Amino acid sequence: MDKIQQHVDRLFRPYKGSKQAQELKQEILSNLQARVADMTMSGVSREAAISSAIANIPSIAHLLDEKPRVFLYRFWVEWVQRVLLFTLIAWIVTMPFRFVGNGTGSNTLLMFIALGIGIVYGGLLLLKRYDRKTGGMNVQAALRLRKIGWLLWVLLMGVSLFYTTALHFGSNLWFSRPIHISGPYQFANVAIDYLKPFVTLLIPLALHMVPKLLMKYEVGEEDGCTE
Amino acid sequence: MAARNKVIVALAMVGVLLLVYIHCVLIPNKLERERRYELEQQSPLTHDVSTILPYKSQYMGDASNLTNLYAHLPLNGVKRTFQLYPDDLTLEINYLEKAADVGEEQVSSALLYNSIAAFALIDNLQTIRYRFPDAIYQLTRGDMNQLLHVDLAADLLEQQTWKKEVQGRIKEWTKESSRFWQ
């Protein structure tokens, strides 16, 4: 694949699924290829022409509508549905915590969160009459939020892993004493202490889906729309 | 969307079934096992010797070690205080309940068992005196050696040996333990 195609693919990677971006993609590609052809005709080497053309378009954020119109009801229904699905999976995966005793609170909390989201989802399904309702949603902000969500989560995991290790094995590491785990029950407790914070993975996952779904439910030219 | 709805319903059902199974079968079974184990620890015949092995010590002067050792032996439910006489290498335990109230036969077998464990684990312990409001029970290392016909060496604490040499004979010793009561 040539360098121009690679550059264009990289530019559009975050906007996979956006109708607006797909329409723009071909236009940008042809534009860049034409620019490279012009420059090589005027005596510039092909490598230099490609580099110059690529440098000219470092981002496409400014070319896209910041707040594209989106089918709001469809977006919210699918987002809530996916969050509910992930919460239910997290609830079931953490169920063995109840048997050990450590982590019962986290599992109960997940159960109530799933219940709450389930009620919201049920309520949304009853509002089907708003199926064609559209509104402007900021995709760029959603992309930024997704990035911040993952960064904060990685940071939180780092702190949590450090804290749990210090709590269980701090003195062993400090005094170079071998680590001793007396049996399966203690092992399960330590493992649960390490695993519990991973439940917060639901938050970046929920944020991750937002821009994707906004692009999926973007109103295209062929769609009629209502305010 | 519709397929995902089916998965959601299926997951919710699996979750509820799992919850019911854990709370109605697994946890009650676990609690019952724990209750049975606790009960077994009150009898010299079924006590788990491995729980007291961490309290092996050369010296009887370590009060916290002795307290912890007796917290893992039969009669640990009876309130007690400890008094050490390091000059005489003697341990005195003052129980706050009458021996008659706990049950004389149960007390006799438990005290014999606890004493063998303490002598086997604490190398320089020579005498143990158990004071109850209504009686005193005293044993020496010599008494124990006579009963067991073996030296109270550490290999006695090996699980199979302990079962055969101590737990297997505790009933018969309890019958002749009246001489230790004062």
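Where a number appears in this text, it was derived from the coordinates with a stated rule and is not lab data. As the structure is a prediction and not an experimental result, all values here were calculated from the model. Virtual Cβ from ideal backbone geometry, glycine too; neighbours counted across all protein chains shown.
Straight-line reach from residue B:163: taking Cα to Cα under 13 Å and skipping same-chain neighbours fewer than 8 places apart, the aspartates and glutamates in range are B:48, B:155.
Which one, A:116, A:154, A:191, projects farthest toward the positive side of the charge dipole computed for the range A:101-215 from Cβ point charges (K/R +1, D/E -1)? Farthest along the dipole direction, towards plus: A:116.
Measure up A:67/A:216; B:56/B:171; A:196/B:30 against 18 Å on the Cα-Cα distance and list the ones that go over. Display every interim value, and only then the final one.
Details: A:67/A:216 14 Å; B:56/B:171 25 Å; A:196/B:30 22 Å.
Flagged as over cut-off: B:56/B:171; A:196/B:30.
Counting only DSSP beta bridges whose two residues both lie in the range B:1-127, roughly 75 percent are antiparallel. Hydrodynamic estimate: the Kirkwood radius of the protein assembly as shown over Cα pairs, inserted into Stokes-Einstein at 10 °C and 1.306 mPa s, corresponds to D of 55 µm²/s.
About the Cα centre of the protein assembly as shown, how large is the charge dipole given +1 on each Lys and Arg Cβ and -1 on each Asp and Glu Cβ? Please answer in debye to the nearest 20. Each step should come with its number before you reach the end.
Working: 43 positive and 38 negative charges, 379 e Å.
With only Lys, Arg, Asp and Glu charged at Cβ, the dipole is about 1820 debye.
Positive end of the dipole of chain B (Cβ unit charges, origin at the Cα centre): among B:148, B:133, B:21, the Cα lying farthest that way belongs to B:21. When the charge dipole of the range A:3-63 is built from unit charges on Cβ atoms (+1 for Lys and Arg, -1 for Asp and Glu) and taken about the Cα centre, the candidate among A:33, A:7, A:57 whose Cα reaches farthest toward its positive end is A:7.
For the range B:63-182, which semi-axes, largest first and in whole Å, follow from the square roots of 5 times the eigenvalues of its Cα gyration tensor? Provide the component values of the computation, followed by the final result.
On the way: eigenvalues 84, 59, 37 Å².
Rounded to whole Å, the semi-axes are 20, 17, 14.
For the range B:1-133, the equivalent ellipsoid built from the Cα gyration tensor has semi-axes of 48, 17, 12 Å, listed from largest to smallest.
Within the range B:111-182, which GluC sites (Glu not before Pro) sit in a loop by DSSP and count at most 16 neighbouring Cβ atoms inside 10 Å? Mind dumping the intermediate values first?
Values: sites: B:158, B:165, B:172, B:176; in loops: B:158, B:176.
Counting only loop positions with at most 16 other Cβ atoms within 10 Å, the GluC sites (Glu not before Pro) in the range B:111-182 are B:158, B:176.
Roughly how tilted is helix B:27-40, in degrees to the nearest 10 and between 0 and 90, from the longest Cα axis of chain B? Result, in degrees: 10. When each of B:13, A:157 is scored by the number of other beta-carbon atoms lying within 10 Å, the sequence from fewest to most is B:13, A:157.
Need one value for A:84-97: mean number of C-beta atoms belonging to other chains within 10 Å of its residues' C-beta atoms. Let's see the in-between values first.
Numbers: counts 5, 5, 0, 2, 8, 3, 0, 6, 6, 0, 0, 6, 3, 1.
Average per residue, whole number: 3.
Among A:150, A:76, A:174, A:91, what is the fewest-to-most ranking by other Cβ atoms within 10 Å?
Details: A:150 15, A:76 19, A:174 9, A:91 26.
If I rank by nearby Cβ atoms, fewest first, I get A:174, A:150, A:76, A:91.
Bridging of residue B:164 to aspartates and glutamates at a Cα separation below 12 Å is possible for none of them, once same-chain residues fewer than 8 apart are set aside. The mean count of C-beta atoms from other chains within 10 Å of the C-beta of residues in A:106-117, rounded to a whole number, is 1. With θ taken as phi - 60° and the Karplus curve 6.51 cos²θ - 1.76 cosθ + 1.60 applied, the whole-hertz 3J(HN,Hα) list for the range A:143-157 is 5, 5, 4, 4, 5, 4, x, 5, 4, 5, 5, 4, 5, 4, 5 Hz, x standing for glycine and proline.
What is the average number of partner chain Cβ atoms found within 10 Å of a Cβ in A:98-104? Write out the running numbers ahead of the final one.
Working: counts 6, 6, 1, 2, 0, 0, 1.
Across the residues of A:98-104, the mean count of other-chain Cβ atoms within 10 Å is 2.
In chain A, helices alone account for a calculated mean residue ellipticity at 222 nm of -23000 deg cm²/dmol, with every DSSP H run of four or more residues adding -39,500 (n - 2.57). Go ahead and set up a Gaussian network model of chain A, Cα springs under 10 Å, then flag whichever of A:65, A:38, A:193 fluctuates most. Result for chain A, Cα springs under 10 Å: A:38 fluctuates most. Phi-derived couplings, Karplus 6.51 cos²θ - 1.76 cosθ + 1.60 at θ = phi - 60°, listed residue by residue for the range B:59-72: 10, 7, x, 7, 4, 5, 5, 5, 4, 5, 4, 5, 6, 10 Hz, with x used for Gly and Pro. Over the range A:64-165, one equal point on each Cα, no solvent: what is log10 I(q)/I(0) by the Debye formula at q = 0.17, 0.21 Å⁻¹? Values returned for q = 0.17, 0.21 Å⁻¹ are -1.00, -1.15. For the range A:35-44, 3J(HN,Hα) computed residue by residue from phi via the Karplus equation (6.51, -1.76, 1.60; θ = phi - 60°) reads 4, 5, 4, 4, 5, 5, 5, 8, x, 7 Hz, glycine and proline entered as x.
In degrees, nearest 10, range 0 to 90: what is the angle between the Cα axis of helix A:72-93 and the longest Cα principal axis of chain A? Between helix and principal axis, roughly 30 degrees. Sorted into 10 angstrom bins from 0, the C-alpha pair distances of the range B:1-40 split as 28, 28, 21, 14, 8, 2 percent.
Strictly over 18 Å apart at the Cα level, which of A:19/A:147; A:16/A:212; A:25/A:147 would you flag in this model? Table pairs above 18 Å Cα-Cα are A:19/A:147; A:25/A:147.
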